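In what follows, a single structure is set out as structure tokens and then discussed.
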Amino acid sequence: MTKVLIVDDEETMREVIKDIISESGQFTDVTLYTASNGLEGLEQFRAHKPEIIITDVMMPKMDGRDLVKTIRQENANIEFIVVTGFADVELASGMIKDGIGGLLKKPFQPDELILLLGKIIKKRELQSKNSEMKKRLFDAEKLSSIGLLAAGIAHEINNPNTFVKGNLELLLKYLEILHPHLQELKQKNNGQDPKLDRVIDSIGDTINMTIDGSQRIAKIVSGLLSFSRNPSVKRSSTNCAELIEQALTLIGHKTKMHKLELDMPAELANISVNKHDLVQTFMNLMVNACDAIVEAQENGTLDRGDGMIKVKIYDDHDHGEQILMIADNGCGIPEQNFDKIFDPFFTTKEVGKGTGLGMSISKGNIQNSGGQMSFESKVGKGTVFTIRFPLAQHEQKVDNEAASQQATV
């Protein structure tokens, strides 16, 4: 969706420009706004955040040049098309150094505006795609480097931790053998040495707590290895509904505390994915949703009993995708954390309640199955994760076309 603001003090000219754009048939995904002078144009810009502004030069209250300069200070990425009369050509030409995208002299032909606007929209689309590709490349390189580091650290930690855990469990067995003798010693002591009594009473719990800590280390190591392992190529045919049902079975103790709304049609197309990885991923997403609801209830932004998790699945045959949406009405994600959500080791949970690997592993699992994941969130309102997988027949069609092109070459 591209937003375009038209600023001109002549109502007839505003309507002409609107009609040219609306009736051209080339800009079906464009929303138009209008303003009758520069000052109103500035207000409309701040209210609607358009990406492209078509403006006259000579206007009351604020002329076109001042409008461009003011908006440029607030957002340097806005594209401008300046429309000028014969008397304003010199002034308008001077605006080119202000970084305007094009200049139209009145009267202009409709095709001139259509061509210029089309070029600007196409340029913005290419810039957006280029930025996204750069970000993906950066993320891939970053995750690859972290993955190698994580694998090395995991192996270095795992070996001594296995030794520690094994010896602690052996020590616990020894303690069971010594237990009658320790109890006899305690009776003989008869409270004369309180420290000895405390040691005898607490030694078993101390060993058990240490074993729990060792098991937590093992869990973190397992997460590191999962994050760093090579993408799994073992795929099978299924659909998202089957995997969601399996995940819900495994985390029913968490979701039963909240309302669960499922919109999963009986007839869904098949997708080719790694079932095990995706069940784990869907469990992670829904457990996070439960935690977000609990946090909202604890901070008072959501009443107890009003927690809601919604799962919706549908086939988009026009784009060859199966789409899964998991939404909650929990605490939401602060905007400043949007770029960090999928970073390894990033977590907003308390120490001891999260390793920060769940979301990065989940994203990797989805990508390894050919899918893509995005999210929208607002603090105090909740979060929606959207996952898209190529339909099995669509993926096969793409493979066949690629093979055919390769054979032709």
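Bear in mind these aren't lab numbers, they're just calculated from the coordinates by the rules spelled out. If you're wondering where the values come from, they're calculated on a predicted model, not measured in any experiment. With ideal geometry, Cβ positions are generated from the backbone for all residues, glycine too; neighbour counts draw on all protein chains shown.
Within the straight-line cut-off of under 20 Å between alpha carbons, the aspartates and glutamates reachable from LYS188 are GLU176, ASP197, ASP201, sequence neighbours fewer than 8 places apart in one chain being disregarded. Between THR28 and HIS319, the distance separating the two model label sites (each 7 Å from Cα on the Cα→Cβ line) works out to 1.5 nm. Listed by chain and number, the lysines whose alpha-carbon sits under 29 Å from that of LYS129, ignoring those within fewer than 8 places in the same chain, are LYS3, LYS18, LYS49, LYS69, LYS97, LYS119, LYS142, LYS312, LYS340, LYS363, LYS378, LYS397. Here LYS234 is the anchor, and the aspartates and glutamates within straight C-alpha reach of less than 12 Å, apart from those fewer than 8 places off in the same chain, are ASP277.
Positive-end ranking of ILE78, LEU32, LEU42 along the dipole of the range 2-108, with charges on Cβ about the Cα centre, is headed by ILE78.
Each Lys and Arg contributes +1 and each Asp and Glu -1, all at the Cβ; summed about the Cα centre of the range 2-108, the dipole is approximately 320 debye. By the beta-carbon count within 10 Å of each Cβ, the least crowded to most crowded order of TYR174, TYR33, fewest first, is TYR174, TYR33.
Neighbour counting of Cβ atoms within 10 Å sorts the residues ASP193, ASP66, fewest neighbours leading, into ASP193, ASP66. Note on ILE217 and SER374: with the Förster distance fixed at 41 Å, the Cβ-Cβ geometry gives a FRET efficiency of about 0.80. Positive end of the dipole of the range 236-397 (Cβ unit charges, origin at the Cα centre): among ASN274, GLN322, HIS258, the Cα lying farthest that way belongs to HIS258.
This ranking places CYS290, CYS240 by how few other beta-carbon atoms lie within 10 Å of each, fewest first, which gives CYS290, CYS240.
Site pair ASP19 and LYS188 shows an inter-label distance of 11.0 nm when each label is modelled 7 Å from Cα along Cα→Cβ.
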